[in-house]
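Structure in structure tokens, see below.
The values are calculated or read from the model by the stated rules, or taken from the named source; none is laboratory data. Since this is a predicted model, take the numbers as computed values, not measurements. No Cβ is skipped: glycine too gets one built from the backbone with ideal geometry, and neighbour counts run over all protein chains shown.
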Amino acid sequence: MIKLSNGGAYLVNGTDIIEENESGALSARLGGQAPSREEAAQNTMAYRILKEHNTSGNMQKLKIKFDKMTSHDITFVGIIQTARASGLEKFPIPYVLTNCHNSLCAVGGTINEDDHMFGLTCAKKYGGVYVPPHQAVIHQFAREMLAECGKMILGSDSHTRYGALGTMAMGEGGPELVKQLLNKTYDINMPGVVAIYLTGEPAKGVGPQDVALAIIGAVFGNGYVKNKVMEFVGPGVGSLSADFRIGIDVMTTETTCLSSIWQTDEKIQEFYDIHGRGECYQELKPGSTAYYDGVVYVDLGKIKPMIAMPFHPSNTYTIEEVNANLLDILHDCEQKALVSLDGQVDFKLTNKVRDGKLYVDQGIIAGCAGGGFENICAAADILKGRSIGADEFTLSVYPASTPIYMELAKNGRLADLLGTGAIVKTAFCGPCFGAGDTPANNAFSIRHSTRNFPNREGSKLQQGQIASVALMDARSIAATAANKGFLTAATDMDVEYTGPVYHFDKTIYENRVFDSKGVADPSQEIQFGPNIKDWPEMVELPENLIIKVVSEIHDPVTTTDELIPSGETSSFRSNPLGLAEFTLSRKDPAYVSRAKEVQKAEKAREAGQCMGEALPELREIVHKVKETYDVCKENLGIGSTIFAVKPGDGSAREQAASCQKVLGGWANIANEYATKRYRSNLINWGMLPFIIEPGELPFKNGDYIFIPAIRQAVKDKATVMQAYVVNRDMQAFELKIDELTDDERQIILDGCLINFYKNHD
């Protein structure tokens, strides 16, 4: 199904791959006129788009300005509040504020709708676009109304991926969007580019999620595409519809790649024509000889219906494998859960076996990944005239936008689904992050959505609750529903797929979406709710630093959901201090109290008071440091840190870092960072992204670490810092920091991005 090259490769005329170790074959093919690797690398679609958007004049050190931006209602309040504190006057580029996460208005009284009104009034004041709740999920609206071939979009959601439509899109934490709102740039080194070389065509019953999961399973664990651009090429692209390509593309986020881009053709032109935006199409394809840093070979014809078992999208099997080795695979998942769940609950999957078959409690087809028109129509074809049964199993379907919902009503698929016992709901991202359709305790849910991390279905370990999610394609979810909850691959069903034509009705948005057309109204008053709070004051990086380790996490990967839980906590994301109370609550419930104890000492220092009175245990630590270093409250800061092996997989949410910061966090220490997004969030909130080599740690939870002359080290662009574990001795060890831009260093020195703009603009 999937094969990875061992090195770089050349794509010739868009069809033939010649790996770098076959350089003689390349010269022979090109008649001895083979370009250099550097020349051929400039022929990728990614390079060309990045070059058009780069303002630095140096293609190795990019400073990108995006064409458009988009955010949803658990990110846009914090972004706009940060930008306002930094001098925002007008949105300089189109900025769309969708309301697809905190849509239920069911938690915390009025605070969800207060955020929506904040968004509407800001769209009026600063010249943006406001999409009301239940109209569309963020990424579907962007596909329908924002994407353009050759353009770039930045979104404050990790699944900001519109590469199938010829748009290079990136999901980042809120501060990166703030930079764009203030006419600054997105600064990165030129990323590597990996070819996703597609051949053949999918078998009947195989859907985009099947292809996506197969790719994720092949590249996540080895980091093959980490922080690179995935460029989809090859003769197999033409066999896929626009919707199918979109369904694969949105899941590229789960590989930890930076972005994605696809070659475009008449099927993508048709997509733009259907949506009344034909002028936004242009053909994109690599140059005649393009160099890639690697190749992922995907034979579409060999892809089988897939399932990603709990608790990660890379934990992949074919459904055929699961059914053939059921007890072994379920037992293996239970063993992995002992690590993922820290043994907090008794997690079982083997008890889901009935008469030798795996029984599923719930099916969900939803959101930016599953809620597309073709996915839902295919599910309706499978289920037509059948029943999902009257037992535990339930099925909910969420079309990704109201225009899709209307077309399903017009063409009869909505009635077909409802007739089976399925429920069809409005556009909402809740099932993807644990805020909708939470199953029963110990239930097993199959979902065509984006993630299946622990608690993504809404359970709470700290309250003894656990359910689990497996990711599947809408077609196999429908096949399972047709068999009343017993796991079934769509390829095992005898179905005639009707493939109805999609008709987009733009009047739905014209009647309901507020579009300023880029015209700001400075006289508009912003409507604030009582939960919308300003960011607290943050101080600059001190000359010397003592940090206490207040959490130690040894999971192979720590997700942003574990750093700051999703679900009902989303309602508090307009309130930095209120949200911070939930930090690590599902992973290390004692974290918040430990961090606050340390913060008392720093607050006392900032007020000119005695740190030792606020935190008595600190007296002995400072005394020990003073035996060697000349420190005092004027030049010594106190804060907290966490250690995690590989933190930051998953969501782009900045709150995974900012919550630590407002509780007094000064750093993270990790063996590596799972994503560029999370590391950027740490930096933008003034936190030091330390690296320590894998192996036995010199410190443990509860230890104090002293880092002398840290401010000067950051100024001097040091990559290795001397540090000491402070106890009866001063145990020396090294902390490292990977490359930082000049602006990133200054942000850390200033204490956060808000201070950076206050100090330097």
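Hey, residue 674 hits all of (1) out of contact with any strand residue (DSSP E or B) (no Cβ under 6 Å at 6 or more places or on another chain); (2) in a loop (DSSP other than H, G, I, E, B); (3) of a type in the set (Gly, Ala, Ser) but one; which does it fall short on?
(1)
When you look at residue 17, is it modelled with pLDDT under 95 and in a strand (DSSP E or B), yes or no?
Answer is yes for this residue.
Sticking with this one: Just to be sure, is residue 181 under 20 Å from the mean Cα position of the chain (by Cα) and outside the structural domain of residue 298 (by TED's automatic domain parsing)?
Against the criterion (under 20 Å from the mean Cα position of the chain (by Cα) and outside the structural domain of residue 298 (by TED's automatic domain parsing)), residue 181 does not qualify.
Sticking with this one: Filter segment 12-23 for residues that are within 33 Å of the chain's Cα centre (by Cα) and either among the acidic types (Asp, Glu) or within 11 Å of residue 293 (Cα to Cα) (or both); which is surrounded by the fewest Cβ atoms within 10 Å (Cβ to Cβ)?
For segment 12-23, the residue satisfying everything is 16.
Being closer than 30 Å to residue 725 by Cβ and either surrounded by 22 or more Cβ atoms within 10 Å (Cβ to Cβ) or modelled with pLDDT of 95 or more (or both) narrows it down to one of 542, 522, so name that one.
The conditions single out 542.
Out of 669, 710, 737, which single residue is in the same structural domain as residue 552 (by TED's automatic domain parsing), within 20 Å of residue 591 (Cβ to Cβ) and hydrophobic (A, V, I, L, M, F, W, C)?
Only one candidate qualifies: 669.
The conditions are (1) buried (at least 24 other Cβ atoms within 10 Å of the Cβ); (2) in contact with a helix residue (DSSP H, G or I) (Cβ under 9 Å, 6 or more places away or on another chain), and residue 123 fails exactly one of them. Which is it?
(2)
Okay, moving on. I'd like the residue in segment 709-741 that is without any contact (Cβ under 8 Å) to a residue 12 or more places away in the chain and in contact with a strand residue (DSSP E or B) (Cβ under 9 Å, 6 or more places away or on another chain) and, out of all such residues, is surrounded by the most Cβ atoms within 10 Å (Cβ to Cβ).
Checked segment 709-741; the qualifying residue surrounded by the most Cβ atoms within 10 Å (Cβ to Cβ) is 713.
Let me ask something additional. Considering (1) of a type outside the set (S, T, N, Q); (2) farther than 30 Å from residue 225 by Cα; (3) buried (at least 19 other Cβ atoms within 10 Å of the Cβ), say which one residue 702 fails and leave the rest.
All conditions pass for residue 702, except number (3).
Of 28, 34, 83, 40, which residue is assigned by TED's automatic domain parsing to the domain that holds residue 128 and more than 20 Å from the chain's Cα centre (by Cα)?
Testing whether each residue is assigned by TED's automatic domain parsing to the domain that holds residue 128 and more than 20 Å from the chain's Cα centre (by Cα) leaves just 83.
If you check 237, 250, 295, which single one turns out to be of a type in the set (Val, Ile, Thr) and part of a strand (DSSP E or B)?
None of the others qualify; the one that does is 295.
So which of 439, 403, 431, 454 ends up being surrounded by 24 or more Cβ atoms within 10 Å (Cβ to Cβ), more than 21 Å from residue 320 (Cβ to Cβ) and more than 21 Å from the chain's Cα centre (by Cα)?
Of 439, 403, 431, 454, the one residue that is surrounded by 24 or more Cβ atoms within 10 Å (Cβ to Cβ), more than 21 Å from residue 320 (Cβ to Cβ) and more than 21 Å from the chain's Cα centre (by Cα) is 403.
For segment 278-291, indicate whether the set of residues that are among the β-branched types (Val, Ile, Thr) and either in contact with a strand residue (DSSP E or B) (Cβ under 8 Å, 6 or more places away or on another chain) or in a loop (DSSP other than H, G, I, E, B) (or both) is non-empty.
yes
Is it fair to say residue 683 is touching a strand residue (DSSP E or B) at 6+ places or on another chain (Cβ under 8 Å), in contact (Cβ under 8 Å) with a residue 24 or more places away in the chain and part of a helix (DSSP H, G or I)?
yes
I'd like the residue in segment 676-696 that is β-branched (Val, Ile, Thr) and over 19 Å from the mean Cα position of the chain (by Cα) and, out of all such residues, is farthest from residue 754 (Cα to Cα).
Let us first name the residues in segment 676-696 that are β-branched (Val, Ile, Thr), namely 683, 691-692.
Right, trim to over 19 Å from the mean Cα position of the chain (by Cα) and you get 691-692.
Details: 691: 25, 692: 28 Å.
Among residues in segment 676-696 that are β-branched (Val, Ile, Thr) and over 19 Å from the mean Cα position of the chain (by Cα), the one farthest from residue 754 (Cα to Cα) is 692.
Continuing with the same structure: Please enumerate the residues belonging to segment 442-466 that are touching a Gly at 6+ places or on another chain (Cβ under 8 Å), at pLDDT 90 or above and not β-branched (Val, Ile, Thr).
445, 447, 448, 449, 451
Determine, yes or no, whether residue 498 is of a type in the set (Ser, Thr, Tyr) and not assigned by TED's automatic domain parsing to the domain that holds residue 417.
Considered against the rule, which asks whether it is of a type in the set (Ser, Thr, Tyr) and not assigned by TED's automatic domain parsing to the domain that holds residue 417, residue 498 comes out as no.
Residue 96 fails exactly one of the following numbered conditions: (1) touching a residue at least 60 places away in the same chain (Cβ under 8 Å); (2) under 26 Å from residue 505 (Cβ atoms); (3) more than 17 Å from the chain's Cα centre (by Cα); (4) in a strand (DSSP E or B). What is the number of that condition?
Every listed condition holds for residue 96 apart from (1).
Scan (1) farther than 26 Å from residue 273 by Cα; (2) assigned to a loop (DSSP other than H, G, I, E, B) for the single condition residue 479 breaks and write down its number.
Looking at each condition in turn, residue 479 falls short on (2).
Okay, moving on. Would you please name the residue that is modelled with the lowest pLDDT, looking only at residues in segment 94-115 that are under 16 Å from residue 135 (Cα atoms) and surrounded by fewer than 24 Cβ atoms within 10 Å (Cβ to Cβ)?
Per the stated criteria, the residue is 105.
Of the residues that sit in segment 300-347 and are modelled with pLDDT of 90 or more and basic (Lys, Arg), which one is surrounded by the fewest Cβ atoms within 10 Å (Cβ to Cβ)?
302
While we're on this one: So which of 297, 292 is buried (at least 16 other Cβ atoms within 10 Å of the Cβ), among the hydroxyl-bearing types (Ser, Thr, Tyr) and out of contact with any Asp or Glu (no Cβ under 8 Å at 6 or more places or on another chain)?
After ruling out the rest, the residue left standing is 297.
Condition check ((1) within 30 Å of residue 312 (Cα to Cα); (2) in a strand (DSSP E or B); (3) touching a Pro at 6+ places or on another chain (Cβ under 6 Å)) across all residues:
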residue: 510; (1), (2), (3): no, no, no
residue: 520; (1), (2), (3): no, no, no
residue: 525; (1), (2), (3): no, no, no
residue: 532; (1), (2), (3): no, no, no
residue: 541; (1), (2), (3): no, no, no
residue: 548; (1), (2), (3): no, yes, no
residue: 551; (1), (2), (3): yes, yes, no
residue: 555; (1), (2), (3): yes, no, no
residue: 571; (1), (2), (3): yes, no, no
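Search segment 483-508 for residues being within 30 Å of residue 349 (Cβ to Cβ) and among the acidic types (Asp, Glu), and hand back the single one that is surrounded by the most Cβ atoms within 10 Å (Cβ to Cβ).
Ranking the candidates gives 492 first.
Only one of (1) over 30 Å from the mean Cα position of the chain (by Cα); (2) at pLDDT below 95; (3) farther than 27 Å from residue 579 by Cβ is not met by residue 741, so which one is it?
Every condition holds for residue 741 apart from (1).
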